[in-house]
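The values are calculated or read from the model by the stated rules, or taken from the named source; none is laboratory data. Fair warning: this is a prediction, and the values are worked out from it, not measured in the lab. With ideal geometry, Cβ positions are generated from the backbone for all residues, glycine too; neighbour counts draw on all protein chains shown. Surface accessibility is based on the protein's heavy atoms, side chains included, excluding ligands, DNA and RNA. Shrake-Rupley method; radii C 1.70, N 1.55, O 1.52, S 1.80 Å.
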Amino acid sequence: MLSLRWRYAARDLWLHKTRTLLVILSIAVGVFAFGMIFGAIIRLNRDLPVKYRAIEPASAIIHTTPFDQEMIDAVRRMPEVAHAEGRFRTVLRFLQRNGEWHDLEVLVLEDYTTNVINRVLPYGGAWPPPDHALLVERNSLFLTQAAVGESILLEMPDGKQRTIPIAGLTHDMNQPPAQITGVPYTYATCDTLEWLGYPCRYNQLQLIVAQGREDQAHITRVAQAAAKKFEDSGYTVLWTEVPIPGHFFAQDFLPTIQLILGLLGTMALVLSSFLVINVITAILTQQTRQIGVMKAIGAQSGQITNLYLRMVFAFGVCALVLAVPLGATAAYFFARFVALQLNFDLDGVQLSPGVLGLQVLVGLLAPILAALAPIAHTAGMTVLHAIQDQGLGQSRNGQDVTNTIGGALQQRLRLSRPVRLSLRNTFRRRGRLVRTLVPLGLGGAIFMTVLTLRLSLFTTLEETISAQGFDVQLQFDQPVRISRIAPVIEAIPAITAAETWTVREGIPIRSDGSEADSVRLFALPPTTQLYTPEIIAGRWLQPDDQNAMVVAVGLIYAEPTLKLGDDLTIRVDGVENTWRIVGITEAFQPPVAPALVYVNQRYFWQKMGYHNQTDTLRALTALHDPATHAHVAQLLLDRLNAIGVTVRSTRTASEDRRIFTERFNIITSILMIMAFLLATVGSLGLMGTMSINVLERKREIGVMRAIGASNHAILQIFIVEGVIIGLISWVIGLLFSPLISYLMSRRIGMVFTKQPLTYIYDPRGPLFWLLIVILVAALASLAPARNAANLSVRETLAYE
C-alpha cells in the first residue's frame with residue numbers, strides 16, 4: 001500500500017509534466033532566493049569578524065605632528081603596550097589619463113616585513129615596495145586609470161612633479177573602500193618619501209594593548225598615557241582614535257541591507273507557495289470524483305490527505321535538488337560581491353549546514369503547509385458531495401461578479417465575444433486569481449520602489465551638490481592670507497562666486513573626559529552665500545556669534561546624550577574650545593565619514609590665532625560640467641603655485657557626483673535583482689494559473705471548437721485573460737509602491753547618507769512596469785494558449 005501511494009503521486013506528476021515543472025520551478029525560485037540571501041548573510045556575518053581580527057586591528061591610533069623613531073621606541077617600552085608601529089600618511093595629487101588631477105593618499109609603514117598592526121598584505125607584483133615606486137591597494141587601482149608596470153605623474157604640494165611606477169598591489173582591509181572615498185591608496189618606503197621631498201618621519205602611531213584588548217575604557221587610558229608621552233616631548237597630539245574593539249566599520253550599516261534583502265528573500269519563498277496552493281487546488285478539483293470513489297470503497301480522510309501530501313512532498317524534494325546547489329553557489333558569489341565592496345576575501349564556496357537545514361526545512365515544510373488546508377478540505381468532503389461534484393471551477397458568486405463587471409464594460413465598450421469570455425474566465429476562480437495577483441503585484445511594487453529609490457537617491461545627491469556651495473574646492477597645505485589669493489580668484493572669469501573657509505579635524509571631548517569619534521569642523525562666514533544649510537532644529541550661525549556651533553544630525557546619532565543647547569568641547573590642533581550647540585542640520589555623507597560641525601570663521605580665527613586667513617577655497621563656476629570643473633581647478637592650481645601657495649588637495653562637484661553614482665548603482669542593482677526574483681515567481685505563478693485554466697476548460701474548448709471557434713480565437717481568449725490578470729496586478733503594485741518606496745527611501749537614506757532621502761516618486765516606474773507586465777503576461781499565457789488551441793475536438797469532449 002505504501003508503494004502504491006508513492007506510485008500514484010509519481011504517476012500524477014509524470015502525466016502532467018508541464019504543471020509539475022512549473023510548480024518545481026516556482027518552489028525552487030523561492031528556496032533559491034531564500035538560500036542565496038540567508039547564505040550570504042550568514043557567510044558575511046561569520047567571515048567578516050574573522051578576517052578583521054586576522055589583520056590585528058590597532059587598539060588605538062595617535063595622530064600627531066611628525067615624530068621620529070625614538071617616540072615609537074618610547075611607547076613600545078610601556079608595559080601596557082604589546083606592539084607599536086609608526087606610519088606616515090599624506091595626500092598628493094596625480095594626473096589621470098583624461099588630463100584631470102585627483103587626490104591620492106600615500107602611506108609609509110615603519111617596516112613592511114615586520115608589520116603586525118593593521119596588516120598590509122602583498123597581493124601581486126613587488127613586495128615590499130621598491131625604492132622610487134608605489135604599491136597600490138587592490139580596490140583602488142581602478143581609480144588611478146593605470147595598470148601594474150605603468151607609471152603615474154605625482155605632484156607635491158610645492159608644485160614639484162615626479163613620474164613614479166606602480167610596482168604591485170597590496171591588500172589593506174583597514175582602508176575604507178575606494179568606491180566610497182574616491183581616493184586611491186598607495187604605499188611607499190621612507191627612501192621614496194625622501195625622494196618625493198618629505199623627511200622620513202611619522203605622523204601616526206598605532207598600538208595594541210598588552211591586556212584587555214576588548215576593554216575600550218582600558219584602551220583609552222593606555223592611549224592617553226601614550227599621547228602624554230608625545231606632548232611631554234614637545235609634539236602636538238592632533239587626536240587620539242580608539243575604535244570599538246573588534247568592530248569593522250561596515251558592521252554599522254550592513255545589518256540594514258541584510259534585513260531588507262532577508263525580507264525580500266522570505267517574500268519570494270512565501271509567494272512561491274501560492275502556486276502550490278493553486279496547483280493542488282486544481283488537482284483536487286479535477287480529481288474530486290475520484291476521491292469520492294476512493295471514499296466509497298473505504299478510504300479514510302487521513303489516507304487521502306496523506307496521499308496528496310506525498311505529492312506535495314515530491315514537489316519540494318525536486319525543487320530542493322535544483323535550488324540547494326544553485327542557492328549555495330549564488331550565496332557565495334553574492335557574499336563575495338559584497339565582501340569585495342568592503343575589501344575582504346572569502347575562502348571559497350562553502351555549504352553552510354545551518355542554511356542547508358533551513359532550505360530543506362522551508363523547501364519541504366512551506367509547500368506542505370500551503371497545501372494542507374485545501375487537501376484537508378477536499379479529503380473531508382462526503383461521498384455524495386464528492387461524486388456529484390462537476391469540477392467546473394465555478395466559485396461561489398463568481399458568476400455574479402463576472403456578470404456585473406462584464407455588463408458594466410459592455411455598456412461602455414463593444415467587446416468581441418473572445419474578449420468577453422476572457423473577462424468572464426478571469427474571475428471564475430477568485431481564490432486562484434488572488435494567489436496569482438499577489439506575487440505579480442508585489443514584484444511590480446518592488447520594481448517601482450527600486451526606480452523611485454534610485455530617483456530619490458540621485459535627487460538628494462543633486463540637491464546636496466547644489467547646497468554644499470562649490471563646484472571646485474581647494475585645500476591649502478598651510479593657512480594663507482585671504483588678500484593673497486583674492487586677485488587669483490578675480491582673474492578667472494569662469495568663477496562666478498567664491499568663499500574662503502577653514503577646515504579642521506576635531507575631537508569632541510565628552511563630559512567624562514573620554515574622546516568621541518573625530519568630526520570635521522568647518523569655520524565659514526555665517527552669511528555664506530554658497531552653502532545652504534538644512535536646519536531641522538534651532539538656528540543657523542549669526543555674524544555676531546562667538547562660541548555658537550551648528551552640528552550635523554549624524555553627530556547627534558553618534559552621541560545620543562548631546563542635544564540642542566548643550567556645550568560641546570572640541571580639540572583642534574591640540575587646543576580645546578567649548579562651543580554651544582545652537583542648531584542641528586542634516587548633512588549628506590558617506591556612512592564612514594566623520595560628522596560635520598559649523599562655527600563662525602571670525603571667532604574661530606581668534607581662538608586659533610589666525611587673522612583673515614584661510615586654508616580652503618570654494619568656488620562656483622559659470623558652467624557646471626566636468627570639463628569646466630577640471631579646467632577651473634587646473635587654472636587655480638597653476639596660478640596659486642605661481643604665487644607660492646601650495647595646494648594639498650582638490651575636489652570637484654563632478655567627482656562627488658561620480659563617486660556617489662557608483663555607490664548608488666551598487667545599491668539599486670542589488671535591489672533590482674531581488675525585484676527580478678519576485679517578478680519571476682509571479683510570472684511562474686501566472687503561467688501555472690493559465691496552464692491549470694486550460695486543463696479545467698478542455699470540454700469548454702471542445703465545445704467552442706465544435707461550433708467553429710478558430711485557433712486564433714482560442715489563443716486570443718487565453719492570452720487576453722493573462723493580460724487582464726497582469727493589468728490587475730499592475731494596479732495592485734501601483735497602489736502599494738508609494739508606501740513601500742517611501743519607507744525604504746527613509747531607511748536607505750539614514751544608513752548610506754546619514755539623512756532621509758528627498759522622496760520623489762518616479763513616474764517612469766508604473767509606465768515601465770506596465771509594459772513589462774503586459775509582455776510577461778502575454779508570454780506566460782502563450783504556451784498554455786497554444787496547448788489549448790492545438791487540442792482536438794474529440795480529445796476535449798472526452799475529457800473528464
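Find which of MET704, LEU677, ILE714 sits farthest along the positive direction of the dipole of the range 659-734, computed with +1 on the beta-carbon of Lys and Arg, -1 on that of Asp and Glu, about the Cα centre. It is MET704, whose Cα lies furthest towards the positive end.
For the chain, take the longest principal axis of its alpha carbons; what is the angle in degrees between that and the long axis of helix 398-412, to the nearest 10 within 0 to 90? Helix 398-412 and the main axis of the chain meet at about 70 degrees.
Amide H to amide H, with H built 1.01 Å from N, VAL81 comes under 5 Å of ALA210, counting only residues 5 or more places away or on other chains. More than 16 angstrom separation, counting every C-alpha pair in the range 418-490; what % is that? Result: 75 percent of Cα pairs exceed 16 Å.
Taking every C-alpha pair closer than 8 Å and separated by at least 6 residues, the mean separation divided by the residue count of the range 68-194 gives a relative contact order of 29 percent. Averaging over all projection directions, the Cα-based convex hull of the range 648-760 occupies 10.9 nm² in the image plane.
Considering the range 708-761 at the alpha-carbon level, its Rg and Dmax are found to be 20.2, 67 Å. Counting lysine pairs in the chain whose alpha carbons fall under 26 angstrom apart, excluding pairs fewer than 8 residues apart on the same chain, gives 5.
Taking all protein chains as they are arranged and a probe of 1.4 Å, the heavy atoms of THR144 leave approximately 0 Å² accessible to solvent. Rounded to the nearest whole Hz, the Karplus-based 3J(HN,Hα) values (6.51 cos²θ - 1.76 cosθ + 1.60, θ = phi - 60°) of the range 38-50 follow the sequence 6, x, 5, 4, 5, 5, 5, 5, 7, 7, 4, x, 5, with x at glycine and proline. Sequentially through the range 118-132, phi angles give Karplus couplings (6.51, -1.76, 1.60; θ = phi - 60°) of 6, 4, 9, 10, x, 10, x, x, 5, 7, x, x, x, 5, 6 Hz, Gly and Pro residues having no value and appearing as x. Translational diffusion of the range 207-333, estimated by Stokes-Einstein from the Kirkwood radius over alpha carbon pairs at 20 °C in a medium of 1.002 mPa s, is 100 µm² per second. Between 0 and 90 degrees, the angle of helix 764-789 with respect to the longest Cα principal axis of the chain falls at about 30 degrees.
Taken over the range 449-527, the convex hull of the Cα atoms encloses 189 Å³ per residue.
Calculated accessible area for the range 727-782 comes out at 49 Å² per residue, all protein chains present (probe 1.4 Å; ligands, DNA, RNA ignored).
Over the range 459-584, the hull volume per residue, using the convex hull of the C-alpha atoms, is 134 Å³. Note on the chain: the C-alpha convex hull projects to 42.3 nm² when averaged across all orientations. All distinct Cα pairs of the range 14-120 go into the 1/r average, and the inverse of that average, the Kirkwood radius, is 19.5 Å. Solvent-free Debye calculation, one equal scatterer per alpha-carbon of the range 487-537: log10 I(q)/I(0) at 0.15 Å⁻¹ equals -0.66. Based on DSSP H segments of at least four residues, each scored -39500 (n - 2.57), the chain has a per-residue ellipticity at 222 nm of -18500 deg cm²/dmol. Apolar share of the accessible surface for the range 676-749: 73 percent from carbon plus sulfur atoms, 1.4 Å probe. Computed on the chain, with alpha-carbon pairs under 8 angstrom and 6+ residues apart, the relative contact order is 18 percent.
Computed from backbone phi, the HN-Hα couplings of the range 644-657 come to x, 9, 8, 9, 7, 7, 10, 8, 10, 5, 5, 5, 4, 5 Hz, rounded to whole numbers (Karplus: 6.51 cos²θ - 1.76 cosθ + 1.60, θ = phi - 60°; Gly and Pro given as x). Here the range 74-194 is assigned +1 on the Cβ of each Lys and Arg and -1 on the Cβ of each Asp and Glu. Its dipole about the Cα centre then comes out at about 140 debye.
Protection proxy ranking, highest mean first, for peptides 537-548, 274-285: 274-285, 537-548, where packing is the per-residue count of other beta-carbon atoms within 10 Å, averaged. The candidates HIS102, HIS132, HIS377, arranged from most to least accessible area with a 1.4 Å probe in the full protein assembly, appear as HIS377, HIS132, HIS102.
Over the C-alpha trace of the range 625-707, radius of gyration and Dmax come out as 30.7, 96 angstrom. With protein chains left intact and a 1.4 Å probe, residues in the range 112-226 average 38 Å² of accessible area per residue.
Amide H to amide H, with H built 1.01 Å from N, ALA60 comes under 5 Å of LEU207, counting only residues 5 or more places away or on other chains.
Across the range 518-629, the relative contact order, built from alpha-carbon pairs under 8 Å that are at least six residues apart, equals 36 percent. DSSP assigns beta bridges within the chain; of those with both partners inside it, close to 80 percent run antiparallel.
Would you mind checking the tilt of helix 2-15 against the longest principal axis of the Cα atoms of the chain, expressed as 0 to 90 degrees and rounded to 10? Orientation of helix 2-15: about 80 degrees from the principal axis. Kirkwood hydrodynamic radius computed over the range 547-693 comes to 20.4 Å, based on all pairs of distinct alpha carbons. Computed on the range 104-260, the Cα convex hull volume stands at 150 Å³ per residue.
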